[in-house]
Amino acid sequence: MAYGTAPEERYSYGEVSDEDRREFLKALGVVAGGGVAGATLRDLRGEVASGAAGGLAEMGEAVRAGLTGTLDGALLAEELTGLEESFELLPQLASMGVPEQGASAYQELTTPAWTINDHLAEVGFFASAEENLPAFTPDHIEETTRQLLHIEELPATLAEVGFAESERTALVTNIVNSREQLSWWMKTPDYPPAEAVEDGVVHEFVAPLHRRAAEGALLWIDGLDHFLWQNEVLVTDEMIDRGLWDIKSMLGGYYLLGSAARDLAGGEIADEQLSALITGSAAITIIGQEFLRNDVVHIDDHMRAPREVSY
């Protein structure tokens, strides 16, 4: 599975084009002719074989065994309900446009997710995930995506928080079609140490991969209230619309992560599904923050609102 270049050309903002589907299927080894698969997860499932889940099952079992604390199912369920309410606020943000000075509308979206995040970190969930799951190698992306397509509950879980059928498909196809971004994210021990190279890291200060993915998404969202207000003269409606899809994607990824942890607490998730959902949710939050940066935060001249001309 070649990583290629220009991943932004294969990123779907809630709608999956024929070309995007062909690229997705091609990456998974399916040759799509004139009759390319339809735009639903069920359609793609019919085109893509599930493959052997043995490796994912072993990884999921290891993640489960590697926890250093006990997951609180009641807490996770309560905060997931709160996160569901965050999705209901997204249309209001679209209508609001740029926040007023001192507003916290975007920060309020992430409050339940931060509670989930703190709990997962406390019980060693992220550390166990990094210890027992691969980074975003081509093989792991492919195996994970095949498994995600064949999780029967996945479409219903995403529908719970308002993802339309085409949007659910876009979340999964974006994992493969944006795989170049994913390849840039490594497990913490794989970064060169600070004493070895100039741009190396101090490993004890770098969070595990899946925690970086999750917290990075939340931090990008939290910063938007001030950033958008500060840059109001540059911001366009298109930037807001694209940014809200990126945010919805990141929150969707976090909802999948929290749901997997809740089901793990209740003993209601298969090991291969646990592995796939941890990796898939991390991929979705990474892709969302990569594109939020491009869509909203790094404003260049061709994106910005027109300059006002005074005579």
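Placing dummy labels 7 Å off each Cα toward the beta-carbon, the span from Val197 to Ala156 is 4.7 nm.
Rounded to two decimals, the Cα-based Rg/Rh of the chain, with Kirkwood Rh, is 0.97.
For the chain, the per residue solvent-accessible surface stands at 45 Å², with DNA, RNA and ligands left out and a 1.4 Å probe. With labels modelled as points extended 7 Å from the Cα through the Cβ direction, what inter-label distance (nm, one decimal) is found for Glu61 paired with Val31? In this crude label model, Glu61 to Val31 measures out at 3.8 nm.
Among Ser275, Ser249, Ser128, the largest mean-square fluctuation in a Gaussian network model of the chain (Cα springs under 10 Å) belongs to Ser128.
If every alpha-carbon in the range 235-311 counts as one equal scatterer, what log10 I(q)/I(0) does Debye give at q = 0.12, 0.24, 0.27 1/Å? Per q value, in the given order, log10 I(q)/I(0) is -0.47, -0.99, -1.12. Within the chain, the whole DSSP H helices whose Cα atoms reach 24 Å or more along their own axis and whose mean Kyte-Doolittle score is at least 0.5 are 271-292.
Gain in length, Ala164 to Asp241, computed as 0.36 nm per residue apart minus the alpha-carbon separation, to one decimal in nm?
Numbers: separation 77, 0.36 × 77 = 27.72 nm, distance 1.61 nm.
Stretched fully, the Ala164-Asp241 segment lengthens by 26.1 nm.
Quick check: net charge around Val206, other residues with Cβ under 15 Å of its Cβ, Lys/Arg +1 and Asp/Glu -1? Walk me through the numbers on the way to the answer.
Numbers: positive: Lys187, Arg211, Arg212; negative: Glu130, Glu131, Asp190, Glu195, Asp199, Glu204, Glu215.
Once positives and negatives cancel, what remains is -4.
FRET efficiency for the pair Val233 and Glu15, taken as 1/(1 + (r/R0)^6) with r the Cβ-Cβ distance and R0 = 30 Å, rounds to 0.50. Protection proxy ranking for 155-162, 290-297, using the average of other Cβ atoms within 10 Å per residue and placing the highest first: 290-297, 155-162. Among Ala283, Ala270, Ala113, the residue with the largest mean-square fluctuation in a Gaussian network model of the chain, with springs joining Cα atoms closer than 10 Å, is Ala270. Measuring with a 1.4 angstrom probe and ignoring ligands and nucleic acids, Thr70 comes out at about 120 Å² accessible.
Taking the Cα centre of the range 55-297 as origin, work out the dipole magnitude from +1 charges on Lys and Arg Cβ and -1 charges on Asp and Glu Cβ, in debye rounded to 20.
With Lys and Arg at +1 and Asp and Glu at -1, about 220 debye.
Rank Phe205, Phe125 by accessible area, highest first, at a 1.4 Å probe radius? Display every interim value, and only then the final one.
Working: Phe205 165, Phe125 0 Å².
The residues order as Phe205, Phe125, largest area first.
Going toward the positive end of the dipole of the chain, with +1 on Lys and Arg Cβ and -1 on Asp and Glu Cβ, which of Gly66, Met186, Leu83 do you reach last? Ranked along the dipole, the leading option is Met186. Accessible area of His226 (1.4 Å probe, protein heavy atoms only, ligands and nucleic acids ignored): about 110 Å². Taking only alpha carbon atoms, the range 50-136 gives an Rg to Rh ratio of 1.13, where Rh is the Kirkwood radius. In the chain, a dipole from Cβ-located charges (positive for Lys and Arg, negative for Asp and Glu) runs towards its positive end, and of Gln230, Leu148, Thr285 it is Leu148 whose Cα lies farthest in that direction.
Report summary: the helix-based calculation at 222 nm, which adds -39500 (n - 2.57) for every DSSP H run with n ≥ 4 and divides by the residues of the chain, gives -19000 deg cm²/dmol.
Within the shell defined by Cβ-Cβ distances under 15 Å, the residues around Gly66 carry a net charge of -3, with Lys and Arg each +1 and Asp and Glu each -1.
Under a 5 Å amide H cut-off, with hydrogens placed 1.01 Å from N, Val201 pairs with Ala194 among residues at least 5 apart or on other chains.
Would you please give the FRET efficiency between Asp190 and Ala305, computed as 1/(1 + (r/R0)^6) with r the Cβ-Cβ distance and R0 = 35 Å, to the nearest 0.05? Could you put the intermediate results ahead of the total?
Values: r = 41 Å, r/R0 = 1.17.
Working from the Cβ atoms, E equals 0.30.
The values are calculated or read from the model by the stated rules, or taken from the named source; none is laboratory data. Just so you know, these numbers come straight off a predicted model, no measurement behind them. Don't worry about glycine lacking a Cβ; one is built from the backbone with ideal geometry, like all the others, and counts go over all protein chains shown. With ligands, DNA and RNA removed, areas are computed over all heavy atoms of the protein, side chains included. Shrake-Rupley method; radii C 1.70, N 1.55, O 1.52, S 1.80 Å.
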